[in-house]
Every structure is written in structure tokens, then in C-alpha cells.
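First the structure, in the form of C-alpha cells, and then the observations on it.
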Amino acid sequence: MSFLLKYKSLEEKREIPNNNYTIRDLLNELELSAQTIVSKQNGELVIEDTVIEEDDEIQLVQIIYGG
């Protein structure tokens, strides 16, 4: 079982390691903070507790702060 990950210039197929693999697990694996990332699953905004399913497209968007 795999999903497509899109983050910045990265676009790669990744394996789903277990049945309850969430966006939070992915962010932890990539050492990214949920406070600075917006997550989309198949084009829809999702929360970190969302489970990643086979053939999902997960897009991670970096939030830019400015002043």
C-alpha cells in the first residue's frame, strides 16, 4: 500500500507502514511541525489525525509568516 507525497519540489510514492498511519505520523517522520504545515489529502484540507489511505495524494504546504 502506498500514497503520493508532495512537499515543496518533492513528489514521491511512499509506502504506508501500518493501517493507522496518520498525517501526524508522516510529519513526525519528516521532522516537520504541524504548526508550520498545512496538510491536504486528495485536495481537501485535513487535520493531523487523518489516516492516510492507499493511493491518497498528500500535499504538505509550508506556512510562511511575515510582518
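Values computed for the structure shown
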item	result
Condition met for Ile23 (surrounded by 17 or more Cβ atoms within 10 Å (Cβ to Cβ), among the hydrophobic types (A, V, I, L, M, F, W, C) and under 17 Å from Ile64 (Cα atoms))	no
Residue check for Glu12: loosely packed, with under 11 Cβ neighbours inside 10 Å and either at pLDDT 95 or above or in contact with a strand residue (DSSP E or B) (Cβ under 6 Å, 6 or more places away or on another chain) (or both)	yes
Asn28 being part of a loop (DSSP other than H, G, I, E, B), loosely packed, with under 14 Cβ neighbours inside 10 Å and modelled with pLDDT of 95 or more	no
Complete set of residues in region 35-53 that are exposed (fewer than 14 other Cβ atoms within 10 Å of the Cβ) and touching an Asp or Glu at 6+ places or on another chain (Cβ under 6 Å)	Asn42
Some residue of region 2-18 being over 17 Å from Ile64 (Cβ atoms) and in contact with a Pro (Cβ under 9 Å, 6 or more places away or on another chain)	no
Boolean, Glu57 is touching a residue at least 12 places away in the same chain (Cβ under 8 Å) and of a type in the set (Asp, Glu)	yes
Output for region 44-59, where each listed residue is more than 17 Å from Ser2 (Cα to Cα), in a loop (DSSP other than H, G, I, E, B) and of a type outside the set (Val, Ile, Thr)	Glu48, Asp49
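The values are calculated or read from the model by the stated rules, or taken from the named source; none is laboratory data. The structure displayed is predicted, hence computed values, not measured ones. No Cβ is skipped: glycine too gets one built from the backbone with ideal geometry, and neighbour counts run over all protein chains shown.
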